[in-house]
Amino acid sequence: MDPRPYQKQETKQHFEGSRVRGFEVPSLRLSDISNNENIPNDSDGTRQNHSISAWFSTLAGRKTLDPGLLERYSTARHHLGFYTNVAVSATYTLPAICQHPLKSYIYGACKILIGQHPILSAIPVGEDTNEPHFVRLPSIDLDTCVSFEKRRHGNVVSSHSSNPDPDMDLEKLLNIQHNVPFSPPCPFWRLCILEDPDNPHMFTASFIFHHAIGDGASGMAFHRTFLRALDLELSSAQSSDQVDGTIASPNIPLLPNIESLHPMPVSIPFLLSILFKEKIWSRRDPNLWTGSKITMPLQTEIRLLVLSETQTISFRDLCRKNKTTITAALHILVAGAVFLNVSADYTRLQCVGALSNRRWLGEQISDDSMGVFVQDMHDSYHRENFFDESGNFSFPWDEAVRSRKTIEDTINMKGKNAGPNLLKYVGDFHSELFLPKVGKDRADSYEVSNLGVFRSNLQPESGSQNPRIGRMVFSQSANVAGSAFAVSALTGGDGCLVLAFSWQKDVVGLQLAGDIMKTVVQQLAIIQ
């Protein structure tokens, strides 16, 4: 586990080389439209209407569904530059019998994916308004959203190393991708392929997507479908070297949003408590650490921390022995690392977590669905519970047990009094939820989101003729109005737990972020 967070990495606000090829409209490039250049003239020499709204007028009648509250939340913050995107990355191994170029299999699998997940061909428009809506693209040109590049540092395939290194090529790619927003009329997702020159049958696929079209679990669903689609392509007699990059959008409806499936109730006492805190008694705890004040612009920093399969199993077994879960223990592990690296004057931390609501949304929504079906949960941690009477740090398993109960109690509420339920009372997401927060203190110290263990019905053994998934990474951009930093966790098919730390530049200093990650590594080695 070498977190390597203190090495300054290059973060760029644009794609380079093969990462992007123009974001093409049928005959115009979006850059041409925005720069007012290279716009075709009518026969009389006048310039054609070049606004992006004019392009969307050709999509009349293609409005598919009004976004739900969570989708509107994400469109507003994406438009304002408060949050950029989510990513789930996976390393694939294809059987050595593959005869065609990698691109042909990937494009074929994408065609299957787009046919099964209609949200992949829909984009939100009107993000700057209070009434955004989804529009279905007539077709998708894969050349605008799928890119290929060669690895420079080799592939990371061993899950048995006692001290696995992070994937430097993937880390660099994510540092770029999490700083690149989406623009219509291109799809609001990208698939970035890292090829291994030394192993043509192994590649890493990073699925980067707008939070309005999916949550973290949707990224898992994408890779489950992609794995099955690759298997179909590999076994298809129709597979060939020919690559068709234009995919017609499926004529199937989008999945309903969460409020169409769940009442999202709010109790009167809960609502009154929120109003009291916001309007009457909003005094901030001076001992709460939350990084710097909310500021713009957003530049996301990403660093990866990898546990080997052995370390992951050991950590899991320790959690079970102490009657808690990996997610709850991660809350405590990160809290302890923060307490050890910030001033002793800070005695409290506020953690926010994400929980999937899919479990109580009925048969229409499953783990293989792509959409936004998530809620928040909160917990507080106090310095005194992490140190003994002599002032020495001691991992508090009793706090991890309590944290597990907090998570379970939230789940048992079945969505009642969840944070997203309050969005129904917001009139203008831009001016009420986000913009007024700039310059003020943030509410949360850190976020922990754990997608759990990747599982698929297609689980071939090494040496089989089926594709398989190994190392996986769940990551997300920093959140301008959210916590000071986030830890996104996922255990891939190789059995390795990967933690992706993300933060906004200057909200958490590079040195502090590195120290927190080093402390996490140290504590994992000694807790028992």
Could you give me the residue pairs with C-beta distances under 8 Å whose first residue belongs to the stretch 184-199 and is surrounded by fewer than 21 Cβ atoms within 10 Å (Cβ to Cβ), whose second residue is acidic (Asp, Glu) wherever it lies, and which are 6+ apart or on separate chains?
-> Ile193/Glu149; Glu195/Glu149
Criterion (surrounded by 20 or more Cβ atoms within 10 Å (Cβ to Cβ) and among the aliphatic types (A, V, I, L, M)) met by exactly one of Ala248, Ala217 = Ala217
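In the stretch 410-442, how many are part of a loop (DSSP other than H, G, I, E, B) and either closer than 25 Å to Pro297 by Cβ or outside the structural domain of Asp285 (by TED's automatic domain parsing) (or both)? Working first, answer last.
Kept after step one, since they are part of a loop (DSSP other than H, G, I, E, B), are these residues of the stretch 410-442: 413-418, 426-428, 438-442.
Adding the requirement that they be either closer than 25 Å to Pro297 by Cβ or outside the structural domain of Asp285 (by TED's automatic domain parsing) (or both) leaves 426, 428, 438-442.
The total comes to 7.
Quick check: anything in the stretch 299-317 touching a residue at least 12 places away in the same chain (Cβ under 8 Å), within 22 Å of Asn479 (Cα to Cα) and touching a Ser or Thr at 6+ places or on another chain (Cβ under 6 Å)? Write out each step before concluding.
Pass one, the stretch 299-317, residues touching a residue at least 12 places away in the same chain (Cβ under 8 Å): 299-313, 315.
Those left that are additionally within 22 Å of Asn479 (Cα to Cα): 299-305.
Pick out the ones that are also touching a Ser or Thr at 6+ places or on another chain (Cβ under 6 Å) and you get 300, 302.
Yes: the stretch 299-317 contains one or more residues that are touching a residue at least 12 places away in the same chain (Cβ under 8 Å), within 22 Å of Asn479 (Cα to Cα) and touching a Ser or Thr at 6+ places or on another chain (Cβ under 6 Å).
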Counted residues, the stretch 367-387 - those being more than 13 Å from Gly336 (Cβ to Cβ) and either assigned to a strand (DSSP E or B) or not small (Gly, Ala, Ser) (or both) | 12
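So for the stretch 279-287 (the condition being in a helix (DSSP H, G or I), at pLDDT below 95 and either over 30 Å from Asp165 (Cβ atoms) or not hydroxyl-bearing (Ser, Thr, Tyr) (or both)), does at least one residue qualify? Steps first, please.
As a first pass, look at the stretch 279-287 and keep what is in a helix (DSSP H, G or I): 279-280.
Then drop every residue that is not at pLDDT below 95, which leaves 279-280.
Okay, now just the ones that are also either over 30 Å from Asp165 (Cβ atoms) or not hydroxyl-bearing (Ser, Thr, Tyr) (or both), so 279-280.
For the stretch 279-287, residues in a helix (DSSP H, G or I), at pLDDT below 95 and either over 30 Å from Asp165 (Cβ atoms) or not hydroxyl-bearing (Ser, Thr, Tyr) (or both): present.
The values are calculated or read from the model by the stated rules, or taken from the named source; none is laboratory data. Since the model is a prediction, treat every value here as computed from it, not as a measurement. With ideal geometry, Cβ positions are generated from the backbone for all residues, glycine too; neighbour counts draw on all protein chains shown.
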